[in-house]
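What follows is a single structure, written as structure tokens, with notes after it.
The values are calculated or read from the model by the stated rules, or taken from the named source; none is laboratory data. Every value quoted in this text rests on a predicted model; they were computed, and no experiment measured them. Cβ atoms come from the backbone with ideal geometry, glycine included; neighbour counts cover every protein chain shown. For accessibility, only protein heavy atoms count, side chains too; no ligands or nucleic acids. Shrake-Rupley method; radii C 1.70, N 1.55, O 1.52, S 1.80 Å.
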Amino acid sequence: MAESLETTALLKKILDSIETLKEDQNLLATRLDKFQMENIKELKKLQDRLIPTTSVATITTVLDNSNINEGKVSTTFTAEAESSPSKKMATSSTEIKKSSLLYNDRVILTTYPGQFGIKPVLLRWGEFNPNIRGPILASRHPTSIKVRNAIGAYGGSYCVYRALAVAMGALDPNHRPDFKNTEPTVTIGPHPQWGSPKIVSFDPFGHITTSVFHKYLEEGLDIRPTIAITKAHMQLAEIEKSVEQGRLTVDGTIVLNKTGELSVVKAAVEPVWYLPGVAARFGINEGLLRRALFEDTGGMYPELITRPDLKIFLPPIGGLTVYIFGNPDYVSDPNKRLTVRVHDECNGSDVFGSDICTCRPYLIFGMEECVKEAQNGGAGIIVYFRKEGRALGEVTKYLVYNARKRSVGGDTADNYFLRTENVAGVKDMRFQALMPDVLHWLGITKIDRMMSMSNMKYDAIVNSGIPILERVPIPDELIPPDSRVEIDAKIADGYFSTGKIPTKEELTQVRGRVWDDIQH
């Protein structure tokens, strides 16, 4: 018994010693960081003087010692330098200088909760009052890195290009945006939904960051908007044709002239995920979500694993754009009619007019109906998500196209989804559970006309608490001949339609054209 107590006491003493060492190490690291920040100019001058300019072996040692270009590249450099010493040494010296100007020698791979000096800005997701909720702070700027409360980087998928610009020297890594005159052109919200679990995939205060969180900006923290709202004019050939044919009329407010020029308000939204809420939407555990986001992206963002205290993640994926037709205030007014089209990106059809799917025709049809609704005293919105190829990606989509067109028996509607599953393993990865968030951000409480045949979208919206009074399928006359395969397969799979549902036998007779088929 006495021996057990002695062992316990010894273990406690060891653990206390380790904890003391940890605190001392963290304190030393903090002091070093502070010293480097306070004396950065002098340190850089000293470092420039110490960078060698004559010895290849010495340069290689510097690269190895500073963990730059890790071994493999430094060996390559040595071989190259021997063949052209003066040129290669000068180039490498320049690269070392550039790297030392951008970053210090300590690479912070990850952080841990409770680590000395780490104290995130308090964040209470779901609070209606932004001052209680707190800002989203994801920056690794020296003034923000130890108080940030989010994993990831600002800019969505474009954060990678920012990193490239920094590496090239085109962008100062410590550049701070000048937000003067960048405020929203119209007022959106606040709406009651902003203080509820109905929004978990982006920051509802993302467009008013510079005003409601100005105190933090004045303190030097690098906080950035994740939503921007502006006004624009749009010109589309199909809308001009609609005006010519009398389907739309020029009113001078929404349809501005005979060319079909449209006046719109648009909002760009970058993703900001509240991880517990996102996990709950998909019916999975937050830990599993974090592990999957880390493991299945090549180890992206280790803090997904090491910082369970940070509940916010800015994923490097595409966001969404909202186009509002008519008075923006009417969108949230239950006494006004509202027409909505939620559209997922299809570059081939939306931009370049590919006729293998109904994406662009349905988008234009939805836009036209939104304009009509606005002209009749209501409002219309198009929500455009960056989910190319059902979120499978454009490469996968084109591989599926090839498999469809080369199928024995031709490109038939009965095998439409099977071809996708054979290539991607799943027929759709859009998983619309997060999609309704933007509708709640806009304060929408009901949709009068939904320009969509998708049951996934319908179910997600209705289950989130927004009733849909009418569903409107794409008219038959707008369906391109080669996309009949897609639309009939979808109708047979359960997509909404006011027409006849094709049988399995009938699906085998619906064929798309082959590549060399000029006439369908």
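Within the range 212-226, can you find the residues that are out of contact with any helix residue (DSSP H, G or I) (no Cβ under 8 Å at 6 or more places or on another chain) and either farther than 30 Å from Gly134 by Cα or not acidic (Asp, Glu) (or both)?
Filtering the range 212-226 for residues out of contact with any helix residue (DSSP H, G or I) (no Cβ under 8 Å at 6 or more places or on another chain) gives 214-216, 218-222.
The answer is His214, Lys215, Tyr216, Gly220, Leu221.
Contact list please: Cβ distance under 6 Å, first residue in the range 352-371 and closer than 16 Å to Val243 by Cα, second residue assigned to a helix (DSSP H, G or I), pairs at least six apart or on different chains.
Correct list of pairs: Ile364/Glu238; Phe365/Leu478; Glu368/Ser242.
For the range 488-520, enumerate the residues that are in a helix (DSSP H, G or I) and within 20 Å of Ser407 (Cβ to Cβ).
Those that are in a helix (DSSP H, G or I) and within 20 Å of Ser407 (Cβ to Cβ): Asp488, Ala489, Lys490, Ala492, Lys504, Glu505, Glu506, Leu507, Thr508, Gln509.
Go through the range 389-413 and report how many residues are in contact (Cβ under 8 Å) with a residue 24 or more places away in the chain, outside any loop (DSSP other than H, G, I, E, B) and not hydrophobic (A, V, I, L, M, F, W, C).
Summing the residues that are in contact (Cβ under 8 Å) with a residue 24 or more places away in the chain, outside any loop (DSSP other than H, G, I, E, B) and not hydrophobic (A, V, I, L, M, F, W, C) in the range 389-413 gives 7.
Could you grab me the full set of residues in the range 148-169 that are farther than 17 Å from Phe313 by Cβ and under 23 Å from the mean Cα position of the chain (by Cα)?
Step one: of the range 148-169, the residues farther than 17 Å from Phe313 by Cβ are 161-169.
Once the filter is applied, which keeps residues that are farther than 17 Å from Phe313 by Cβ and under 23 Å from the mean Cα position of the chain (by Cα), the range 148-169 yields Tyr161, Arg162, Ala163, Leu164, Ala165, Val166, Ala167.
Just give me the residues in the range 304-321 being closer than 16 Å to Val278 by Cα, within 16 Å of the chain's Cα centre (by Cα) and open to solvent by less than 30 Å² (accessible area, probe 1.4 Å), in sequence order.
Those that are closer than 16 Å to Val278 by Cα, within 16 Å of the chain's Cα centre (by Cα) and open to solvent by less than 30 Å² (accessible area, probe 1.4 Å): Ile312, Phe313, Leu314, Pro315, Gly319.
Looking at the range 228-267 only, could you name the residues that are of a type in the set (A, V, I, L, M, F, W, C) and out of contact with any helix residue (DSSP H, G or I) (no Cβ under 8 Å at 6 or more places or on another chain)? Step through it out loud before you land on a result.
Pass one, the range 228-267, residues of a type in the set (A, V, I, L, M, F, W, C): 228-229, 232, 234, 236-237, 239, 243, 248, 250, 254-256, 262, 264-265, 267.
Ala228, Ile229, Ala232, Met234, Ala237, Val243, Leu256, Val264, Ala267, listed by residue number.
How many residues does the range 476-505 contain that are farther than 17 Å from Tyr362 by Cα, free of Cβ contacts under 8 Å to residues at least 12 places away in the same chain and among the acidic types (Asp, Glu)? Give the steps one after another, and end with the answer.
Quick first cut of the range 476-505, residues farther than 17 Å from Tyr362 by Cα only: 492-494, 500-505.
Narrowing the set further to residues that are free of Cβ contacts under 8 Å to residues at least 12 places away in the same chain leaves 500-501, 503, 505.
Going one step further and asking which of them are among the acidic types (Asp, Glu), we end up with 505.
Residues flagged as farther than 17 Å from Tyr362 by Cα, free of Cβ contacts under 8 Å to residues at least 12 places away in the same chain and among the acidic types (Asp, Glu) within the range 476-505 amount to 1.
If only one of Pro184, Pro204, Pro135, Pro120 is part of a loop (DSSP other than H, G, I, E, B), farther than 22 Å from Val269 by Cβ, open to solvent by less than 80 Å² (accessible area, probe 1.4 Å) and of a type outside the set (A, V, I, L, M, F, W, C), which one is it?
Working: Pro184 fails: farther than 22 Å from Val269 by Cβ; Pro204 fails: farther than 22 Å from Val269 by Cβ; Pro135 fails: farther than 22 Å from Val269 by Cβ.
The unique qualifying residue is Pro120.
Of the conditions (1) outside any loop (DSSP other than H, G, I, E, B); (2) open to solvent by 20 Å² or more (accessible area, probe 1.4 Å); (3) more than 22 Å from Tyr416 (Cβ to Cβ); (4) not basic (Lys, Arg), Thr445 satisfies every one except a single condition; which number is it?
(1)
If the requirement is being without any contact (Cβ under 8 Å) to a residue 60 or more places away in the chain and either in contact with a strand residue (DSSP E or B) (Cβ under 6 Å, 6 or more places away or on another chain) or assigned to a helix (DSSP H, G or I) (or both), which of these qualifies: Gly298, Gly287, Gly283, Gly277?
Values: Gly298 fails: either in contact with a strand residue (DSSP E or B) (Cβ under 6 Å, 6 or more places away or on another chain) or assigned to a helix (DSSP H, G or I) (or both); Gly283 fails: either in contact with a strand residue (DSSP E or B) (Cβ under 6 Å, 6 or more places away or on another chain) or assigned to a helix (DSSP H, G or I) (or both); Gly277 fails: without any contact (Cβ under 8 Å) to a residue 60 or more places away in the chain.
It is Gly287.
Just wondering, is there one or more residues in the range 465-487 that are in a loop (DSSP other than H, G, I, E, B), surrounded by 18 or more Cβ atoms within 10 Å (Cβ to Cβ) and under 25 Å from the mean Cα position of the chain (by Cα)?
Yes.
Determine the pairs where a residue that is farther than 17 Å from Ile208 by Cα, located within the range 119-144, has a partner that is among the polar types (S, T, N, Q) and open to solvent by less than 60 Å² (accessible area, probe 1.4 Å) with Cβ atoms under 6 Å apart, the partner being 6 or more residues away or on another chain.
Pro120/Asn149; Val121/Asn149
Tell me, yes or no, whether the range 405-412 has at least one residue that is out of contact with any Phe, Trp or Tyr (no Cβ under 7 Å at 6 or more places or on another chain), open to solvent by 30 Å² or more (accessible area, probe 1.4 Å) and within 23 Å of Asp476 (Cα to Cα).
Initially, the range 405-412 is screened for residues out of contact with any Phe, Trp or Tyr (no Cβ under 7 Å at 6 or more places or on another chain), giving 406-412.
Still in the list and also open to solvent by 30 Å² or more (accessible area, probe 1.4 Å): 406, 408-409.
Going one step further and asking which of them are within 23 Å of Asp476 (Cα to Cα), we end up with none.
So far as the range 405-412 goes, no, none of its residues is out of contact with any Phe, Trp or Tyr (no Cβ under 7 Å at 6 or more places or on another chain), open to solvent by 30 Å² or more (accessible area, probe 1.4 Å) and within 23 Å of Asp476 (Cα to Cα).
Whether any residue in the range 253-269 is open to solvent by 70 Å² or more (accessible area, probe 1.4 Å), in contact (Cβ under 8 Å) with a residue 12 or more places away in the chain and in a loop (DSSP other than H, G, I, E, B) is what I want to check.
Within the range 253-269, one or more residues are open to solvent by 70 Å² or more (accessible area, probe 1.4 Å), in contact (Cβ under 8 Å) with a residue 12 or more places away in the chain and in a loop (DSSP other than H, G, I, E, B).
Listed residues Val351, Val383, Val371; which is surrounded by fewer than 19 Cβ atoms within 10 Å (Cβ to Cβ) and out of contact with any Pro (no Cβ under 9 Å at 6 or more places or on another chain)?
Working: Val383 fails: surrounded by fewer than 19 Cβ atoms within 10 Å (Cβ to Cβ); Val371 fails: surrounded by fewer than 19 Cβ atoms within 10 Å (Cβ to Cβ).
None of the other options fit; the residue is Val351.
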